[in-house]
Amino acid sequence: MLDPTLFAPGPPSGCRLVHWATGVAASAVPGVRTSLRRVLERWRIAPELAEALLLAGAELLSNAIRHAGDVTGSLRVTVTLADGWLQLDVADGDPGMPCFGLDVDGESESGRGLVIVSFLVREAGGELTAFRAGSGKVVRVRVPAV
């Protein structure tokens, strides 16, 4: 995992970008979450927005580990701040797209994480999307950085 203290501002337009490459072990989630928290604090992101993004990031990374871990050797987490938007991407090597539907079986013990993330993101005025990238996909959270 990259040291979060090594991040540098992006292009001269004021874009900031940090990324981490991590393995597919569940033990990676707390470290990425801690590093992401430090970055958001440095960027002076409002605490309530930072908490929502931390929850989203942990859930998206956990899902990538759970669902793509068998077909990908590493995962990539990227957070960007530019033009008034805060964006979090989780990329993996699995082409299978996530289901953002709200139809979760009431008896199911899992499957609610993306529903919660989707709700938090919409409440913040943002969007949760997924798209194919190379042989895999990227799941993206994008919210106004107010």
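Computed from the coordinates by the stated procedures, all read-outs in this text should not be read as laboratory data. This structure is a prediction, so every number in the text was calculated from the model and none was measured. Backbone-built Cβ (ideal geometry, glycine too); neighbour counts: all protein chains shown.
The spread of Cα positions in region 17-144, taken along each principal axis and listed from longest to shortest, comes to 36, 32, 26 Å. Taking every alpha-carbon pair under 8 Å whose residues sit at least 6 apart, region 17-144 reaches a relative contact order of 26 percent.
Residue-wise HN-Hα couplings along region 82-91, as the Karplus relation 6.51 cos²θ - 1.76 cosθ + 1.60 with θ = phi - 60° gives them from phi, are 7, 6, x, 10, 10, 10, 10, 10, 10, 10 Hz; Gly and Pro carry x. The length gained by stretching the chain between residue 17 and residue 78 to full extension, at 0.36 nm per residue less their Cα-Cα distance, is 21.3 nm. Length available on full extension from residue 55 to residue 94: 0.36 nm per residue minus the Cα-Cα distance, which gives 11.8 nm. Karplus-derived 3J(HN,Hα) values for region 59-76, using 6.51 cos²θ - 1.76 cosθ + 1.60 with θ = phi - 60°, are 5, 5, 5, 4, 4, 4, 5, 5, 9, 10, x, 6, 10, 9, x, 8, 10, 10 Hz; glycine and proline are entered as x. In order along region 37-48, the Karplus-derived 3J(HN,Hα) couplings, from 6.51 cos²θ - 1.76 cosθ + 1.60 at θ = phi - 60°, round to 4, 4, 5, 5, 5, 4, 7, 6, 6, 3, x, 5 Hz, and Gly and Pro are given as x.
Placing a label point 7 Å from the Cα of residue 27 along the Cα-to-Cβ direction, the residues of region 40-73 whose backbone N falls under 18 Å of that point are 62, 65-66, 69-70, 73.
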